[in-house]
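Novice: Dumping the structure here so I can ask a few things about it.
The values are calculated or read from the model by the stated rules, or taken from the named source; none is laboratory data. Only a predicted model underlies this, so the values are computations on that prediction, with no experimental measurement involved. Don't worry about glycine lacking a Cβ; one is built from the backbone with ideal geometry, like all the others, and counts go over all protein chains shown. The area values use the complete protein model at the heavy-atom level, side chains included, leaving out ligands, DNA and RNA. Shrake-Rupley method; radii C 1.70, N 1.55, O 1.52, S 1.80 Å.
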Amino acid sequence: MRALPPIALAALALALAAAPASASYPGQPGRIAFVQGDVGGVLPHGITTANPDGSDQRPVGPTCQEGLTLPCPANPAWSRDGTRIAFDVGGAIGTMRADGSEVQTFTLPGLTGSSRPAWDPTGTLLVFQAADASGERNLYIASADGTPQRQLTFARGGEPSWSLDGRIAFVRNRNVYVVDSDGSNLRRITGKHAAQPTWSPYASQLAFVRAGNIYRVREAATGLRKLTGKGGFEPAWAPDGKRVLFHRNDHGNRIIYSVDLNAGDLRLQTRGVDGRNVNVFSVDQQPLH
């Protein structure tokens, strides 16, 4: 395992359909972690945590800055016990404590573009996407210290989310699939295109993106419901299972909102750190116990 090099990282440039958050685990809603951009600025930026209402914002872990050459951290994901955050940075998988300390990264031999990590329920394993020498993207599992474990998918796969009961949702051929963490019991959940799946805290439902909006569906592929009508990306469940957080475009920038499960209560969660203009995304929420 190698420590992250001195923190002076390159400008942030992530697409709107960037990675989804990982599954939410049960608990009381704690701090939100998200990627903070720096629209038109030259200040350091990266992953930030904040109270659920967006107050007390604190940059954590590695940062990046316009004009420098190393990549930005992205796709923060809380561990089940709420003490650690996984993320990706420059094709490597990283972990850090909730306060941004003890940053470490790893890559696996023969793989490139490792990204979009999700914790297992024990907090000892991570599933993530990566490409092999042929360029095919699949899912891989490694210990949180970077020790290789196994390849999970062999016919493409990306955007993983690990459930409380040990199943992994992922995207293949523009639809959401679910597979047990040992690779068995593969089944398709959606049939009309979907991306960015994320498990609810007790693994009874999935939220996902279709045609630029957020939907939810039962794990049995029934009870489909549209939660947003004016756009939404990168859904993440609140740990109490009552709301789904996401980001959407607002006048050219990204803002984090949440919505209840009946699509009747839309709330602004955060516009980001004061002075950075508006560009926040890839939200995940800490489970408190």
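Novice: Along the charge dipole of the chain, pointing to its positive end and built from +1/-1 on Cβ of Lys, Arg, Asp and Glu, which listed residue (Pro52, Ala207, Val273) has its Cα farthest out?
Specialist: Ala207
Novice: Moving to a separate point now. Against the 2.2 N^0.38 Å scaling, with N counting residues, where does the chain land? I'd like the Cα-based Rg ratio to two decimal places.
Specialist: 0.91
Novice: Rounded to whole Hz and in sequence order, give me ³J(HN,Hα) for the stretch 54-62 from the Karplus expression 6.51 cos²θ - 1.76 cosθ + 1.60, θ = phi - 60°, writing x for Gly and Pro.
Specialist: x, 7, 6, 7, 9, x, 9, x, x
Novice: Here is a further query. When the dipole is taken about the Cα centre of the chain, and only Lys, Arg (+1) and Asp, Glu (-1) are charged at their Cβ, what size is it in debye, to the nearest 20?
Specialist: Numbers: 29 positive and 24 negative charges, 194 e Å.
Here the chain has a charge dipole of around 940 debye.
Novice: Using the heavy atoms of the protein chains and a 1.4 angstrom probe, tell me the accessible area per residue for the stretch 22-72 in square angstrom.
Specialist: 38
Novice: Just want the answer: with Cβ charges of +1 for Lys and Arg and -1 for Asp and Glu, which residue in Gly135, Ile189, Ile168 is farthest toward the dipole's positive end in the stretch 123-189?
Specialist: Positive-most Cα among the choices belongs to Ile189.
Novice: Compute the distance from the alpha-carbon center of the stretch 40-102 to that of the stretch 113-160, in whole Å.
Specialist: Between the Cα centre of the stretch 40-102 and that of the stretch 113-160, the gap is 20 Å.
Novice: Once neighbouring chains are kept in place and the probe is 1.4 Å, which whole percent of the accessible area of the chain is contributed by carbon and sulfur?
Specialist: Details: 5750 of 11560 Å².
C and S fraction of accessible area: 50 percent.
Novice: Follow-up question, since we're still on this one. What are the residues whose amide H is under 5 Å from the amide H of Gln269, where those residues sit 5 or more places off or on another chain and H is modelled from the backbone?
Specialist: Ile256, Tyr257, Ser258
Novice: Quick one: accessible area per residue over the stretch 146-289, 1.4 Å probe, rounded to a whole number of Å²?
Specialist: Ligands and nucleic acids excluded, the result is 43 Å² per residue.
Novice: For the stretch 138-274, calculate the relative contact order in percent as a whole number, restricting contacts to Cα pairs under 8 Å that are 6 or more residues apart.
Specialist: Working: 313 pairs, mean separation 16.9, N = 137.
It rounds to 12 percent for the stretch 138-274.
Novice: Under 21 Å Cα-Cα from Lys192, which lysines qualify once same-chain neighbours fewer than 8 residues away are excluded?
Specialist: Lys226, Lys230
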